[in-house]
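Read through the structure below, which is laid out as structure tokens, and then see the notes.
The values are calculated or read from the model by the stated rules, or taken from the named source; none is laboratory data. If you're wondering where the values come from, they're calculated on a predicted model, not measured in any experiment. Reconstructed Cβ throughout: ideal geometry from the backbone, glycine too, with neighbour counts over all protein chains shown. Quick note on the areas: whole protein, heavy atoms, side chains included, nothing else; ligands and nucleic acids left out. Shrake-Rupley method; radii C 1.70, N 1.55, O 1.52, S 1.80 Å.
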Amino acid sequence: VGCSYNACTFCTLFKHLTYRKLPQEQIEAELQRVSAAGGNPESVFLGDGNAFGLSMEELRWILGKIRQYFPGCKGVNMDATVTNISQKSDQELRELYELGVRRLYLGIESGLDDVLRFMKKDHTLAQAYEQIGRMQQAGLIFCAHMMTGIAGKGRGLENGQATAEFFNRTKPERVINFSIFHHRRAPLYRDIEAGRYVP
């Protein structure tokens, strides 16, 4: 539940949540419930903000239970952060692929390092290139989130070109576009009020 990083200044999705792992009993009960109802999905998405941040031991257990209850499952997908990937060894990344993990959705957001830094993302572009390369070497499929409007007033074309360059090099299977939303609860709103960021 929630996001283990939860520091991006534009985000309000998880600010009200305390990051926590659900009990194994609760996870298995949900798998049993879906299976008993006739469910045998071909793909499973693990929520919430970045399930990939779980330990290898926890992921092994969950992936094993998914195989047990959903024998037709061909792939497990989840959100991840660049930092999450860096915390797994090459061998662990390959093992996760062998256990059924297929797609990792990364919040890239922008192709400009200064924008990533200002928005307090957990990575630089160089780090993203490195970790995406490692996950792809292990067979995992890179899917990307990007955010239009994130660079602020007057920088849309610059940001679009830089982000396109990043995607042309990393070749995500899918790109999911969000538009930045300036919510009063987001830390970014203080920057707007103080004139540090112009939407």
Within region 63-93, considering residues that are assigned to a loop (DSSP other than H, G, I, E, B) and small (Gly, Ala, Ser), the one most open to solvent (accessible area, probe 1.4 Å) = Ser89
task = Find the residue count for region 129-159, including only residues that are open to solvent by less than 40 Å² (accessible area, probe 1.4 Å) and closer than 15 Å to Phe118 by Cβ.
result = 5
Top-ranked residue in region 113-128 [being open to solvent by less than 20 Å² (accessible area, probe 1.4 Å) and in contact (Cβ under 8 Å) with a residue 12 or more places away in the chain; ranked as farthest from Cys73 (Cα to Cα)] = Val115
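Give the residue that is farthest from Asp48 (Cα to Cα), with candidates limited to residues of region 94-113 that are basic (Lys, Arg) and either in contact with a helix residue (DSSP H, G or I) (Cβ under 8 Å, 6 or more places away or on another chain) or not in a helix (DSSP H, G or I) (or both). Working first, answer last.
At the first step, the residues of region 94-113 found to be basic (Lys, Arg) are 94, 102-103.
Checking which are either in contact with a helix residue (DSSP H, G or I) (Cβ under 8 Å, 6 or more places away or on another chain) or not in a helix (DSSP H, G or I) (or both) leaves us with 102-103.
Details: Arg102: 17, Arg103: 15 Å.
The qualifying residue farthest from Asp48 (Cα to Cα) is Arg102.
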message = Looking at Leu17, Leu99, can you tell me which residue is more than 23 Å from Tyr129 (Cβ to Cβ), among the aliphatic types (A, V, I, L, M) and modelled with pLDDT under 95?
response = Leu17
request  = Go through Ser55, Ser35, Ser4 for me and flag whichever is over 25 Å from Lys88 (Cβ atoms), among the hydroxyl-bearing types (Ser, Thr, Tyr) and out of contact with any Lys or Arg (no Cβ under 8 Å at 6 or more places or on another chain).
outcome  = Ser35
query = In this structure, is Ala162 modelled with pLDDT of 95 or more, in a helix (DSSP H, G or I), of a type in the set (Gly, Ala, Ser) and surrounded by fewer than 16 Cβ atoms within 10 Å (Cβ to Cβ)?
reply = no
request  = Could you please find all residues in region 14-32 being within 25 Å of Leu188 (Cβ to Cβ) and surrounded by 15 or more Cβ atoms within 10 Å (Cβ to Cβ)?
outcome  = Phe14, Lys15, Tyr19
